[in-house]
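Everything below concerns the one structure shown next.
The values are calculated or read from the model by the stated rules, or taken from the named source; none is laboratory data. The shown structure was predicted, so the numbers you read here are calculated from the model rather than taken from an experiment. Neighbour counts run over all protein chains shown; Cβ positions are idealised from the backbone, glycine included.
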């Protein structure tokens, strides 16, 4: 065998490869550019992981190697991959390999196979401080008292060590509390030290969500929060380095000192805090304090007094002292409560939360210029969290700079204004109906859009009596949401002796009389607002009189009157609901043939009855609520099915033959009418009788398009 010759200049390169740093020895890692661009990753139960843009390339960790997730922009490292999406607060994250706690590298070996020498906690803290990682203040407090603590406690300890410069992010109240010396075992020890020592050994795997861990600081436990992917938080502060073994216990590293949790409840802190008196008043008058005393946990978004001062004074006084506003008061208080304990780090991973008022608040997170262990800014709805993570015995409080006003705390007038019906609100004031919709109810308001009201005649708006009647017709007694309405339901308006409003439900849209609802289900404390695209006028005529008064429908009206006294009587007395597919005079002759003419219909009673009944639907039908491109099956008075196909601008009506599958279209040019409706059709549908010649569907549709007939 020929020996392998190695050039002399290659020897230094080979030696360099033998002493490559750890990240290169473990496995092939995607470049930083790949990590940032791919972002999302997935970790399998077997310990392998891959990036979502390259699912076929899997990476396996070496012996004693762990993954951490870094946020370079914030100089932040999490002890495990937990974001899953590869982003934290809109910033990209990277996955990095490092030796697991208690392990280190071995020369010429992959991974971290060598177990570190286990030392006592004091030595571990001193080593961390020497490397610039520990907090010097904490070390100064621990060193002279370390042996006294060990001899006084029979078991191993858990030490929670704040990292370097962690005290810079501590507020004055916390710093004062931690610096205070408290009696302990015939000695006086700073609360800072006692609160960061647990009287037993706790690894992160043993911790449970919601668990209270006792500390050496009596009556001040530490609350455990565990996010879904095993990220551990203590008093809402995440552990950044975990499970470092020591001879006398275990050590976890924190980005900042823990704030001692209040021993009181949410209600107790709320009543004692000088900057939350306005919120305390709202919650107290709403009888919600008992809910804040329960075990919970709850998350309370607490607007400060300055935030409440920016609300209109009259609105706050009405909420507080007017019993009619009690539903709004309760909704306002519950809108600031969230079920469960949601720390700020947990909120930063969410896009929305559901409040106890059953309304959704959007959440956003962005980097902040503020210095600290977590320089991020979280917004909940229209408010920004100014002081996060105030932990109490039954939850957590986040101070916010704005009051979160739910829809349920607004009146119908305010909701209509927010929905864009501003012109309608102005007309309510002019007609003297403003106060009714502010304080009374429950009502359902069908508010015409601004575009619809601009089409109204000036004379109508200047006549206060007529204007008031029109507006009253848009107000319905009772609270009606979309999910409570039935098809063809009749709703009584506040206009005395006026016909009821008729509801027509479509698959995706719905209408009231001739108006289509464009923005619906806007909830107020005293009802609902639905914005419609038409002004709803109280109909003054029946279907029969509407036909008789329209000269363009005189020939079609003559057919209806000759078809039978029963039908005309029904249309005259306002029975229904009916929909008439009427044909204009100029369109009558378009469909006529030698054997099927207008005059033949007048003299053939059987043919006339069949034809007219095909133009009367036993239902209230509004083509505007039908989805474009869909076909709806309808029933005429003679019991035959008909199809209504909705096109972009017109609708095609097609009677279906009981003897074949062919159909022929009529075209709708518009709709108007009473509590039923009249629709102008472009052609008159002839009755489908077996004696007529049957065409195949394709041939029939083509012929119908050519001559405009509806056979």
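Yes or no: region 592-608 includes at least one residue that is more than 38 Å from the chain's Cα centre (by Cα), modelled with pLDDT of 80 or more, more than 30 Å from residue 319 (Cβ to Cβ) and surrounded by 15 or more Cβ atoms within 10 Å (Cβ to Cβ). There is at least one residue in region 592-608 that is more than 38 Å from the chain's Cα centre (by Cα), modelled with pLDDT of 80 or more, more than 30 Å from residue 319 (Cβ to Cβ) and surrounded by 15 or more Cβ atoms within 10 Å (Cβ to Cβ). Only one entry in 219, 252 is within 22 Å of residue 152 (Cβ to Cβ) and buried (at least 22 other Cβ atoms within 10 Å of the Cβ), namely 252. Among all residues of region 286-308, there is none that is under 25 Å from residue 192 (Cβ atoms) and without any contact (Cβ under 8 Å) to a residue 40 or more places away in the chain.
In region 392-429, which residues are assigned to a strand (DSSP E or B) and either touching a helix residue (DSSP H, G or I) at 6+ places or on another chain (Cβ under 8 Å) or crowded, with 24+ Cβ neighbours inside 10 Å (or both)?
Answer for region 392-429, where residues must be assigned to a strand (DSSP E or B) and either touching a helix residue (DSSP H, G or I) at 6+ places or on another chain (Cβ under 8 Å) or crowded, with 24+ Cβ neighbours inside 10 Å (or both): 392, 395, 396, 397, 398, 400.
Restricting 559, 543 to those that are surrounded by 15 or more Cβ atoms within 10 Å (Cβ to Cβ) and within 51 Å of the chain's Cα centre (by Cα) reduces the list to 543.
Just to be sure I understand, how many residues within region 58-103 are free of Cβ contacts under 8 Å to residues at least 24 places away in the same chain, surrounded by fewer than 19 Cβ atoms within 10 Å (Cβ to Cβ) and touching a strand residue (DSSP E or B) at 6+ places or on another chain (Cβ under 6 Å)?
The number of residues fulfilling the criteria is 1.
Conditions (1) over 28 Å from the mean Cα position of the chain (by Cα); (2) at negative phi; (3) not in a helix (DSSP H, G or I), marked per residue:
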{"site": "271", "(1), (2), (3)": "yes, yes, no"}
{"site": "281", "(1), (2), (3)": "yes, yes, no"}
{"site": "300", "(1), (2), (3)": "no, yes, yes"}
{"site": "307", "(1), (2), (3)": "no, yes, no"}
{"site": "315", "(1), (2), (3)": "no, yes, no"}
{"site": "318", "(1), (2), (3)": "yes, yes, no"}
{"site": "330", "(1), (2), (3)": "no, yes, no"}
{"site": "333", "(1), (2), (3)": "no, yes, no"}
{"site": "346", "(1), (2), (3)": "no, yes, no"}
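May I ask you to list the residues in region 455-476 that are assigned to a loop (DSSP other than H, G, I, E, B) and surrounded by fewer than 21 Cβ atoms within 10 Å (Cβ to Cβ)? The answer is 455, 456, 457, 463. Just one of the listed residues (271, 318) is at pLDDT below 85, surrounded by fewer than 20 Cβ atoms within 10 Å (Cβ to Cβ) and not assigned by TED's automatic domain parsing to the domain that holds residue 153, and it is 318. Name every residue in region 363-386 that is surrounded by 17 or more Cβ atoms within 10 Å (Cβ to Cβ), modelled with pLDDT of 75 or more and assigned to a loop (DSSP other than H, G, I, E, B), in order of residue number. Within region 363-386, 381 is the sole residue that qualifies.
Take residue 452 and tell me if it is assigned to a helix (DSSP H, G or I) and either touching a residue at least 24 places away in the same chain (Cβ under 8 Å) or touching a strand residue (DSSP E or B) at 6+ places or on another chain (Cβ under 9 Å) (or both). So residue 452 passes the test. Could you tell me whether region 338-346 includes any residue that is surrounded by fewer than 18 Cβ atoms within 10 Å (Cβ to Cβ) and either modelled with pLDDT of 90 or more or more than 30 Å from residue 260 (Cα to Cα) (or both)? Yes, region 338-346 contains at least one residue that is surrounded by fewer than 18 Cβ atoms within 10 Å (Cβ to Cβ) and either modelled with pLDDT of 90 or more or more than 30 Å from residue 260 (Cα to Cα) (or both). For residue 479, the conditions (1) modelled with pLDDT of 90 or more; (2) in a loop (DSSP other than H, G, I, E, B) all hold with the exception of (1).
Scan 486, 497 and give me the residue that is under 34 Å from the mean Cα position of the chain (by Cα) and either assigned by TED's automatic domain parsing to the domain that holds residue 429 or under 30 Å from residue 634 (Cα atoms) (or both).
486
For residue 95, the criteria (1) more than 30 Å from residue 157 (Cβ to Cβ); (2) part of a strand (DSSP E or B); (3) at pLDDT below 85 hold in every case but one, which is (3). State which residue is surrounded by the fewest Cβ atoms within 10 Å (Cβ to Cβ) when the search covers only region 282-297 and only residues that are in contact with a strand residue (DSSP E or B) (Cβ under 9 Å, 6 or more places away or on another chain) and under 27 Å from residue 226 (Cα atoms). Filtering region 282-297 for residues that are in contact with a strand residue (DSSP E or B) (Cβ under 9 Å, 6 or more places away or on another chain) and under 27 Å from residue 226 (Cα atoms), the one surrounded by the fewest Cβ atoms within 10 Å (Cβ to Cβ) comes out as 291.
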